[in-house]
């Protein structure tokens, strides 16, 4: 192999690595489907609790469950945003290095 072939092979390898990183980055991007699925899961969980224990509707326990569910949802959302910002920062770093 001569020098041009080695450089071409090296450039091709770096392009493949960059494309793999970009594909993974795009795959990890948040989408609207995940939000809808989490919301539907919360609603189904509440419906299941009401179906199994109809007396919950007459007691303030349901309100405690609602507060806990919304609190966990807010925490999950904040953590997801933090993780996505980390991924974006990592992508920017890798974009310059690769």
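The angle separating the long axis of helix 61-97 from the principal Cα axis of greatest extent in the chain is about 10 degrees. Match the structure shown to one of the listed values (i) 9.1; (ii) 8.7; (iii) 8.0 of mean projected area of the Cα convex hull in nm², computed from it, and give that label. Matching entry in (i) 9.1; (ii) 8.7; (iii) 8.0: (ii). Here r is the Cβ-Cβ distance between residue 68 and residue 33 and R0 is 25 Å; the resulting FRET efficiency, rounded to 0.05, is 0.55. With everything on Cα atoms, drop me the angle between helix 3-28 and the longest principal axis of the chain, reported from 0 to 90° to the nearest 10. Once rounded, the angle reads 10 degrees. Cβ crowding within 10 Å, taken as a proxy for footprinting-reagent exposure, orders 73, 10 from fewest neighbours to most as 10, 73.
Seen against the Cα atoms of the chain and their longest principal axis, helix 32-52 is set at about 20 degrees.
Tell me, what is the FRET efficiency for residue 61 and residue 81 to the nearest 0.05, using R0 = 35 angstrom and their Cβ-Cβ distance as r?
Values: r = 31 Å, r/R0 = 0.88.
E between residue 61 and residue 81, to the nearest 0.05, is 0.70.
FYI, it's all coordinate maths here, none of it is from the lab. In this text, all values refer to a predicted model and were calculated from it rather than measured experimentally. As a convention, Cβ positions derive from the backbone with ideal geometry for all residues, glycine included, and neighbour counts pool all protein chains shown.
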